Amino acid sequence: MRKWNIIVLMLLAFPAFNYGQTRIKSAKSDGSTSSYPDFFRLAGYKQADIDRKLAKAYYDVFEGPNKVYFVVDDSTAYVSDVKNHDARTEGLSYGMMIAVQLNKKQVFDRIWRWSKKYLQHQSGPREGYFAWSINTSTMKRNSEGSASDGELYYITSLLFASNRWGNNTGIDYYHEARHILDAMWKKDGTGNIFNLINTQAKQISFVPEGDGYHWTDPSYHLPAFYEVWALYAKDGHEQFYKNCADTSRVFLHRACNPVTGLNADYTEFSGKPHSTRWMPAAFRYDSWRVPMNIAMDYNWFGKDKAWQQEYAQHLQGFLRSKGINTFEDQFNPDGSKPDFILKAGNNPPKLRHSLGLVATAATASMINRNAESKGFIQALWNAELKPYDDGYFDPYYDGLLYLFSLMHLSGNYRIIQPAAK
């Protein structure tokens, strides 16, 4: 583990983090960018060490003794939230995104086939959507309903797969993405099932069903994904998706506290915190994803740079004030300690310095490129996917966010464009 004198770090080490020529990102006609800086290299780490760290993280999550990826047979596999004893569209679609980004076609195909076979509704009002959770022991669905972020990731990862591998290698990825999108556009409230996106608010719903259609989860707001849909879905709704991207960016301005950068897990479309019957509104596990999503949008499309830079400075400034190696993982949006602590799985409620938030907080250094932000990259570099001091261990959520963040910061999470013909 490296030990840095903070004064030396700030005054001497960080001039190299000012990017120089490596910062160049050329804007393309589609609005995307064409280069992805390796922020670990810019922070002084060696390429071989970066490659090893990313490879080990993938091994730990997908192949090691505490893996969350399980092969069923030659053609199917699933990703499991092992602490909750289920597979959910969140992790399955994350696994697909990781696989397409890292060019692991067999892993991608196995997860997609399993998802389609066991979770995708093939008829009725939910046709095309996915049951969000299934017990992997009994193979009984825990719910028939959908969680909108799962479909969001499925669609985007399938479009990327189409671009990377084509549609003639066993799975027509584009057709599968369009099937979900086309089904989404047919949802008109019949059976109380709606579009994934509240079409009036132009914001993603918490769930596309009943009352959940009328409020949202800030961590589901991925404006970069809507931009990808506008580029590659080619379903005639391009302008709507662009409008949704812009709406999500403005929504995040309202949802994130202007001082701390924190948001509530659930909110109204106005950004006002939304409490539920299972917990009062606060910054909790879902919210950890928000800085990573904003960093992705900043790096891929850069259409809201001024606010996103302020956001990253405020968020990292707040977390630094709590101790860069000690900040806890649940807060009220104003930064105070919440009265209600949400437990993780079946473990007793407890605040921790959680790897998932350590990881996504570091991705904000893709935006906040001042001297202090390097400390978050170093904290992630020094972090490990292992049990906490109290024995709690989450290789699923911590592990996936850790791997995603390493991919982002190493320049290995990109817009996958169609192969040149």
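The values are calculated or read from the model by the stated rules, or taken from the named source; none is laboratory data. Every value quoted in this text rests on a predicted model; they were computed, and no experiment measured them. Heads up, the Cβs are rebuilt from the backbone with ideal geometry, glycines too, and the neighbour counts pull from every protein chain shown. The area values use the complete protein model at the heavy-atom level, side chains included, leaving out ligands, DNA and RNA. Shrake-Rupley method; radii C 1.70, N 1.55, O 1.52, S 1.80 Å.
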Pairs under 8 Å by beta carbon, first residue free of Cβ contacts under 8 Å to residues at least 24 places away in the same chain in the range 220-243, partner among the acidic types (Asp, Glu) and surrounded by fewer than 21 Cβ atoms within 10 Å (Cβ to Cβ), six or more apart or different chains?
230/238
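Search the range 190-203 for residues being among the β-branched types (Val, Ile, Thr) and out of contact with any Cys (no Cβ under 8 Å at 6 or more places or on another chain), and hand back the single one that is nearest to residue 276 (Cα to Cα).
Here the residue is 193.
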For the range 21-49, pairs from a residue that is closer than 19 Å to residue 407 by Cβ and among the β-branched types (Val, Ile, Thr) to a residue that is modelled with pLDDT under 55 and assigned to a strand (DSSP E or B), with Cβ under 9 Å and 6 or more apart or across chains, are 33/27
Given the conditions (1) aliphatic (A, V, I, L, M); (2) open to solvent by 10 Å² or more (accessible area, probe 1.4 Å); (3) under 18 Å from residue 237 (Cα atoms), which single one is not true for residue 181?
(2)
When you scan the range 146-183, how many residues do you find that are within 15 Å of residue 241 (Cβ to Cβ) and either of a type in the set (Val, Ile, Thr) or without any contact (Cβ under 8 Å) to a residue 24 or more places away in the chain (or both)?
3
Report the residue count in the range 78-135 for those that are closer than 29 Å to residue 348 by Cβ and polar (S, T, N, Q).
5
Considering only the range 307-324, state which residues are out of contact with any Gly (no Cβ under 9 Å at 6 or more places or on another chain) and either touching a residue at least 24 places away in the same chain (Cβ under 8 Å) or part of a helix (DSSP H, G or I) (or both).
307, 309
Being open to solvent by 30 Å² or more (accessible area, probe 1.4 Å) and of a type in the set (Phe, Trp, Tyr) narrows it down to one residue among 108, 62, 70; which is it?
70
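Return yes or no: is residue 259 touching a residue at least 40 places away in the same chain (Cβ under 8 Å), touching a Gly at 6+ places or on another chain (Cβ under 9 Å), of a type in the set (A, V, I, L, M) and more than 25 Å from residue 309 (Cα to Cα)?
Numbers: touching a residue at least 40 places away in the same chain (Cβ under 8 Å): yes; touching a Gly at 6+ places or on another chain (Cβ under 9 Å): yes; of a type in the set (A, V, I, L, M): yes; more than 25 Å from residue 309 (Cα to Cα): no.
Answer is no for this residue.
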Condition check: of a type in the set (Ser, Thr, Tyr), surrounded by 17 or more Cβ atoms within 10 Å (Cβ to Cβ), closer than 26 Å to residue 299 by Cβ and within 20 Å of the chain's Cα centre (by Cα). Does residue 373 satisfy that?
no
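Kindly evaluate residue 330 against the criterion of being buried (at least 20 other Cβ atoms within 10 Å of the Cβ) and polar (S, T, N, Q).
yes
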One residue is enough: does the range 93-105 have a residue meeting the conditions out of contact with any Phe, Trp or Tyr (no Cβ under 7 Å at 6 or more places or on another chain) and either hydroxyl-bearing (Ser, Thr, Tyr) or without any contact (Cβ under 8 Å) to a residue 60 or more places away in the chain (or both)?
yes
